[in-house]
Amino acid sequence: MNAPFSLGKTTQREPFVAFVCDEFSADTLRSVATEHGWPIEKVLKGGLRNAVQTLAVSTSPNVLFVDLSESGDPLNDINGLAEVCEPGTIVIATGQVNDVRLYRDLVASGIHDYLLKPLHPDMVRDSILQAHALLNAPKAVEATVERPHCATAVIGTRGGAGASTVATSLAWLMGEQEKRSTALLDLDVHFGTGALALDLEPGRGLTDAIENPSRIDGLFIERAMVRAGERLSVLSAEAPINAPIETDGSAFYQLQEEMRNAFECTIVDLPRTMLVNHPHLIEEVQTAVIVTEMTLAAARDTIRLLSWFRSNAPHVKVVLFANRVHPAGAQEISRKDFEGSIERKLDFAMAFDGKLAAQSAKLGKPLAEAAKGNRAIAPLADLARHLCRLTEDQDDGAAADPGKGGTSLVGKLAKLRARLPVKAKK
Ligand SMILES: Nc1ncnc2c1ncn2[C@@H]1O[C@H](COP(=O)(O)OP(=O)(O)OP(=O)(O)O)[C@@H](O)[C@H]1O
Ligand SMILES: [Mg+2]
């Protein structure tokens, strides 16, 4: 379900106000209003324009029902409504245009639902029920100040290592297992799978943010983020492949900052090329989860990433997560050799499990949710717990600290070359 028009306090407001253009819709809404005990006088004649004029001079209701039938440019007019509508109102729109693109654009702009005319009482009832569930759900902005914000970046050493799988699962676990309001920021702007993995449309939020960084504020975050559950919201994109991203990275930085204010936890799916182009993105992150397979190339890049963090972000705790781990003998490099090459232990290791990965894709759910209760994904649940503990106790010495006793990059690479070809062939 997408973000409500805006989140905020919902006291001293009309529970429901409707602006509709035709008598049939008005009758349907009156009957539903009566069932809820709401005054039928609040079903008013007139469409979007009337709604904008009225709300400009009065308190916005909890649920606003608005007819777009007489609007020539619904998307643009909805923006006019956004300017007068107070935070906290959930907007349900109706109209005659049966176009899935319009529906998606409206939902992406923060409209809770779009109902096609003629209105049926059942569909109005369902939509209002959902709106109420959303109104009563814990809000992202209600994050408590007692727990420090937990900001984590997930980075894969090589393409396909499973960084996005870990990032989406981690975000889901932070919400479900650790009960923290969580934002998943997928910075793989062209090829990201954050929304896809959750069976959601990515919306235009991230693309808008990159195009107009000056628009990024708390309200933008509330409207642009796509809700994936009670405590999880996502910002992701599927930018056209022929459109290079033109940004100095300030949009990403600002997004992270606003997310810190609105959520208790941020998980950033950070493509490693972003680390090269926008190293400042890691500045405010407390923990980096490096996801790796156990291959020769991945060992080389694990070493390089560890070294990069030591030199450029010594404040970041680095957690090493081995993924797609095959049984001994079927692995390009054994765990022992891999750890020997990178000169530190892996913190977590999750086995390769094609069946579970397929199940997760089929269900459109993060691996951790699709395989809930299965021991195979225990390392993900352990990782989520570990990250929370790290942020709650910054002095926790239990975490592996790659910053200790490191040697030079050149030296490590020399060792890697000296060791791997021989041992890997065993
Ligand atoms: N433990 C696992 N067992 C089996 N398959 C897995 C496992 N983890 C991830 N996969 C699968 O591996 C593929 C790549 O995963 P994912 O997209 O998360 O990798 P990535 O590192 O984000 O890739 P990219 O470099 O494209 O961003 C996906 O099909 C995913 O389902
Ligand atoms: Mg990815």
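Taken together, the values in this text are just the output of simple stated rules run on the coordinates, not laboratory data. Just so you know, these numbers come straight off a predicted model, no measurement behind them. Here Cβ is always computed from backbone atoms with ideal geometry, including for glycine, and neighbour counts include all displayed protein chains.
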Tell me, which cysteines of the chain are without a disulfide-compatible partner by the Cβ under 4.7 Å rule? C21, C85, C388
Looking at the P(r) of the chain, how many percent of alpha-carbon pairs lie beyond 37 Å? 32
Test item: Cα-centred dipole of the chain, Lys/Arg +1 and Asp/Glu -1 on Cβ, debye: 2460
Top of V63, V84, V318 by mean-square fluctuation, Gaussian network on the chain, Cα under 10 Å: V84
For the pairs K179/K365; K317/K372; K345/K372; K117/K362, flag any whose C-alpha to C-alpha distance is greater than 21 Å. K317/K372; K345/K372; K117/K362
Provide the packing ranking of 281-292, 32-43, 357-368, i.e. peptides ordered by the mean count of other C-beta atoms within 10 Å per residue, highest first. 281-292, 357-368, 32-43
Compute the long axis of helix 23-36 from its Cα atoms, compare it with the longest principal axis of the Cα atoms of the chain, and write down the angle in degrees, 0 to 90, nearest 10. 70
In nm, to one decimal, how far is the E70 label point from the R335 one, both placed 7 Å along Cα→Cβ? 6.9
Order by neighbour count: F220, F263, F191, fewest other Cβ atoms within 10 Å first, most last. F191, F220, F263
Under 5 Å between amide hydrogens, which residues at least 5 positions from D269 or on another chain qualify, with H placed 1.01 Å from N in the peptide plane? V154, L185, D186, L187
Rg to Rh quotient for the range 16-137, alpha carbon positions, Kirkwood Rh: 0.92
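Can you give the % of DSSP beta bridges in the chain that are antiparallel, to the nearest 5?
Of the beta bridges lying entirely in the chain, close to 5 percent run antiparallel.
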Of the GluC sites (Glu not before Pro) in the range 182-254, which ones lie in a loop per DSSP and count no more than 13 other C-beta atoms within 10 Å? E246
Connecting every pair of Cα atoms under 10 Å apart in the chain and solving the GNM, the largest mean-square fluctuation among G72, G46, G156 falls on G72
Going by average Cβ density within 10 Å per residue, which order do the peptides 295-308, 247-260 take, highest to lowest? 295-308, 247-260
